[in-house]
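Chemist: Have a look at this one before I ask anything.
Since every read-out is calculated from the coordinates, none of them should be taken as a lab result. The shown structure was predicted, so the numbers you read here are calculated from the model rather than taken from an experiment. Cβ atoms come from the backbone with ideal geometry, glycine included; neighbour counts cover every protein chain shown.
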Amino acid sequence: MAKLNLNVNGVTKAVDVDPSMPLLWVLRETLGMTGTKYSCGIAQCGACTVHLDGQPIRSCVLPVSAVSESTKITTIEGLSEDLSHPVQKAWAQLDVPQCGYCQPGMMMAAAGLLNSKPNATDADIDREVTNICRCGTFQRVREGIHLAQDIMKSTKA
Amino acid sequence: MKSSIHMTRRRFVLGSLSAGAGLSLGVLPALDLSADHHGGDVLDEVNAWVTIGSDDSVTIRIARSEMGQGTLTGLAQLVAEELACDWEKVTWSFPTPGDNLKRKRIWGSFSTGGSQGVRSSQQYVREGGAAARMMLVAEAAEQWGVPAASCRVEKGVIYHDPTKRSLRYGEVAAVASRQAVPMEVALKDPADWTIAGQPLKRLDTLEKLDGSLVYGADIQLPEMLVASIVDCPVMGGSLKGFDDTQALKMPGVKAVVPVKTQTGTDGVAVVGTSWWHANEALKQLNIEWDLGPNAQMNDASITALLESGLDASEAFNGNWEGDVEAALSDAVTRVEAIYKVPAQNHAPMEPMNATARYTSERCEVWCPTQNGEAALAAASEASGLPIEQCEVYKTILGGGFGRRGAADYVHQVVAIAMQFPGTPIKLQWSREEDQMHGFYHPTTMAKMRGSLDEAGNLTGLHMRISGQSIIAGLMPQRLVNGADFVAFQGVVKGGLNPGMDDHQMCYSIPNLKVDHAMRNPAVRPGFWRGVNVNQNAIYLECFMDELAHKAGRDPLDFRLALLKDKPKAAAVLQAVADKGAWGSEDGLGRGLAVLYAFGSYVAACAEVTVTDGELKMHRIVAATDCGTAVNPQQIAAQVEGSFVYGLSAALLSQITFDSGVVQEKNFDRYPSMRIKDMPKVETIVMPSGGVYGGVGEPTIAVAAPAVLNAIFAATGQRVRTLPVARQLASA
């Protein structure tokens, strides 16, 4: 076991955990933050996507010991406090989710893409949003990313 | 306003989880938890379907499960339409299967499959909404001393225009239940709908956007322990022994327990405080299995079994006209082809899970299930407690697709919880467990034979299906003289079996035979979104394309000539051909498919190119005539989603067996479409009225054959053994 400090959604959390435990399970079980989902456990599907310093990563295979105290972890619970993130607004407007189980990861992947590429093209989306959704929401996910871009631009203007 | 309602429901759902023990008093959960609603407002039941708070908030009870298909919202729209309430104030709750039992099944069936969610309950939920409205109006009229007929309702407000008086629903709801339940209600004409029939937003979206929705996998109860399980990797095998020395040394591991259930599963679970550690500990157990009688099964043995059915003399008839053998022997041109469709797993994103708390007096289960009543029966059977002492609390499902109609995981979690009386146990399957212990979409083959006359008209068709019967595997009592009519979904003769008339073949063919050589390998079969229309549509619609090309006829015209007796089928096909630019010479390969299934007429036109063996799907135009459209934008979502599910199977994935063990244990070997693979889907919703056809499943049938036919148009290559995978030839 190891005592670690994690910066989760802007709050420092002290945890005493097995250092080899993946970040996903520290979030879900140690911290009780169940918005981030388990689905494949081998970084194939992206349901467990969170941001480390704004960049999307798959938390199901990342040992918690690899996350430094200064690294900012953002989960779906911290994307915004009030559903005001452009991705959340776009997802609500287009009714993107079906079962919704993959959507926390999908939205974190989308938000991560927009962090690094606010003008992401369809080709960027194809390359960087590689999450699996068995309900098949991809058409609305794509529309949602483009709508989120519009929302970001109109907010800045 | 909207968000506060969502907050309320969130509290309600969580409340029903944490207040589990309190429900044993026989109090209805919604009433029991009424104090939780809007910080103490009274929430009153007008009838079983509708409760209204003094703040006018309307809670509509939804008996069917929500797994992404949108039924929850559609059913709420139907109730709200007849209730004539303010949609902005509508929220929902799940009644429990135990309450349904106590109230003599007042909510009807909880089963959610077969695209039945709306169509088999729309009548009584609309009546429930209308009855509630009439009771609210009767209450207001009584208070005013005027005839109910002189009152009108608009958006949850009752008006008596002659005296210019009004009362809000919230002002009369508390006492409206004293009014007589109307014996007869008049339902609105869908043409007059303002809530139903509209492309409204789902009621369950917002809590899916911030991680706050509690799925079964997310349940946390006080003192709860978590478990991971491994069942014998070969179906029918059994646990011989294990060594838990190492496992018990791992952090948080409390116990290692054998888990044998009445459903035939036999495995071992690790129980602890952390699921990840429990799952890691499973790998340290050095388990010994008796692999049982199916340990030699592999893909070659299954294929040989199916091939033995292709020309077998005995088969069950599902459709026939004239004399197909005579037509084939008289044919100017005979066409023959053999197709094969592999097994599939459901693989919902949320792997199977359930939570149970057992005491000698009571067994409670929290789980995502497509059939709450089956889960309740499983809790009773597994615990040995009378069903009245059991309860199931449903969550929204992280995908179902048919898999969660089964209750094997409920049996397992109760078997574990019985070893820890009073302690809640959450059983979470790993993805590997989910892949290896599915109820698989069966693999089947078909031998297609067709005859053409000199003019290129289809004179005869024999469709021989060979493969596993899901009904024989899961509900053999529903076989009819040994035959499984569900095997003929989409190609069956009308009037043959009362349950199958929503699946009749569209084409009128003078000499026809569709028959099924039942060949059941030792694989647990299951209902997989679309069920048997998936392969039946591939067999029929790809072969129609082959016949049209052999006849030198346009595949659209060839089909339309055979659809003269089914104008609605012809209409959806023509619609996709028109919007899909059928016949254009623009370098795109186009393919068509049409089918009648689950009570809806559906068609698709796919546009593809193939470059160096790489398939690119550019667009699929889809049409559905589901009779009545309850929420057109959600119908479009179901079409889009069903195409991803169906095409993932047709193009990418399969379940195979070696030595009785499933080989595709995770998404690395069981690929699923991603956003880069998704074609643009344009959905035409063209309801022709009258009936309520299914929505979640019918369209899945036409995606694969339309794309396969488009691949032929683009390349001249017929792919008859699925998945397509790497079979496309490089130029």
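Chemist: Between B:VAL480 and B:GLU388, what is the spin-label point distance in nm, taking each point 7 Å from the Cα along the Cα→C-beta axis?
Modeler: The answer from the label model is 3.9 nm.
Chemist: Now a separate question. Non-local amide H neighbours of B:THR91 (under 5 Å, H modeled in plane, Pro and chain starts lacking H): which ones?
Modeler: So B:THR91 has HN proximity to B:VAL58, B:THR59, B:ILE60.
Chemist: Over the stretch B:446-489, what is the relative contact order in whole percent, taking alpha-carbon pairs under 8 Å and six or more residues apart?
Modeler: Relative contact order comes out at 27 percent.
Chemist: Do you know the relative contact order of chain B, to the nearest whole percent, from alpha carbon pairs under 8 angstrom that are 6+ apart?
Modeler: 13 percent
Chemist: Moving to a separate point now. Restricting to Cα pairs below 8 Å that are 6+ residues apart, what does the relative contact order work out to for the stretch B:419-555? Please round to a whole percent.
Modeler: Across the stretch B:419-555, relative contact order equals 29 percent.
Chemist: Provide the net charge surrounding B:ALA356, with neighbours chosen by a C-beta distance below 9 Å and charges set as Lys +1, Arg +1, Asp -1, Glu -1.
Modeler: Net charge around B:ALA356: +1.
Chemist: Cross-link list A:LYS89/B:LYS676; B:LYS447/B:LYS564; B:LYS89/B:LYS201; A:LYS153/B:LYS616; A:LYS13/B:LYS254: which exceed 20 angstrom alpha carbon to alpha carbon?
Modeler: Over 20 Å apart, Cα to Cα: A:LYS89/B:LYS676; B:LYS447/B:LYS564; A:LYS153/B:LYS616; A:LYS13/B:LYS254.
Chemist: Please list, by residue number, everything in the stretch B:188-230 whose backbone N is under 14 Å from a paramagnetic label point 7 Å out along Cα→Cβ of A:HIS146.
Modeler: It comes to no residues whatsoever.
Chemist: Based on the Kirkwood radius over alpha-carbon pairs, what value in µm²/s does the Stokes-Einstein equation return for the translational diffusion coefficient of chain B at 10 °C and 1.306 mPa s?
Modeler: 58 µm²/s
Chemist: Another one. Can you work out the FRET efficiency for the pair B:LYS240 and A:GLN55, with r the C-beta to C-beta distance and R0 = 60 Å, to the nearest 0.05?
Modeler: 0.80
Chemist: So how far, in whole Å, is the C-alpha centre of the stretch B:449-512 from the one of the stretch A:103-157?
Modeler: The stretch B:449-512 and the stretch A:103-157 have Cα centres spaced 44 Å from each other.
Chemist: Write out the GluC sites (Glu not before Pro) in the stretch B:338-427 meeting two conditions: DSSP loop, and at most 15 other Cβ atoms within 10 Å of their Cβ.
Modeler: Within the stretch B:338-427, the qualifying GluC sites (Glu not before Pro) (loop, at most 15 other Cβ atoms within 10 Å) are B:GLU361.
Chemist: Next question. Give, as a single signed number, the net charge of other residues whose beta carbon lies under 12 Å from the beta carbon of A:THR49, with Lys and Arg counted +1 and Asp and Glu -1.
Modeler: +1
Chemist: Quick one: check the C-alpha center-to-center distance for the stretch B:234-288 versus the stretch B:207-226, whole angstrom.
Modeler: Taking the Cα centre of the stretch B:207-226 as reference, the centre of the stretch B:234-288 is 24 Å away.
Chemist: Which net charge results for the neighbourhood of A:ASN5, defined as the other residues with beta-carbon distances under 15 angstrom from its beta-carbon, given Lys and Arg at +1 and Asp and Glu at -1?
Modeler: Counting the neighbours of A:ASN5, the net charge comes to +1.
Chemist: Right, something else. Whole angstrom only: what separates the Cα centroid of the stretch B:296-374 from the Cα centroid of the stretch B:408-447?
Modeler: Comparing the Cα centres of the stretch B:296-374 and the stretch B:408-447, I get a distance of 20 Å.
Chemist: Give me the distance in nm between label points sitting 7 Å out from Cα along the Cα-to-Cβ direction at B:SER584 and A:ASP126, one decimal.
Modeler: Spacing of the two 7 Å Cα→Cβ label points: 1.9 nm.
Chemist: Next question, about the same structure. Please compute the length gained on full extension between B:THR609 and B:MET250, using 0.36 nm multiplied by the number of residues separating them and subtracting their Cα-Cα distance.
Modeler: Between B:THR609 and B:MET250, full extension yields an extra 123.9 nm.
Chemist: Using the C-alpha gyration tensor of the protein assembly as shown, what are the square roots of 5 times its eigenvalues, in whole angstrom, with the largest one first?
Modeler: Rounded to whole Å, the semi-axes are 41, 36, 28.
Chemist: Okay, next question. Once R0 is set to 22 Å, what does the formula 1/(1 + (r/R0)^6) return for the Cβ-Cβ distance between B:SER508 and B:ASP554, expressed as a FRET efficiency to the nearest 0.05?
Modeler: Approximately 0.75, to the nearest 0.05.
Chemist: Report the label-to-label distance for B:SER109 and B:SER730 in nanometres (one decimal), using points 7 Å from each Cα along the Cα→Cβ vector.
Modeler: 5.2 nm
Chemist: For chain B, what is the calculated [θ] at 222 nm in deg cm²/dmol (nearest 500), taking -39500 (n - 2.57) for each run of four or more DSSP H residues and dividing by its residue count?
Modeler: -8500 deg cm²/dmol
Chemist: Multiplying the sequence separation of B:LEU187 and B:ASP311 by 0.36 nm and subtracting their Cα-Cα distance, what value in nm do you get?
Modeler: Working it through step by step, the gained length comes to 39.4 nm.
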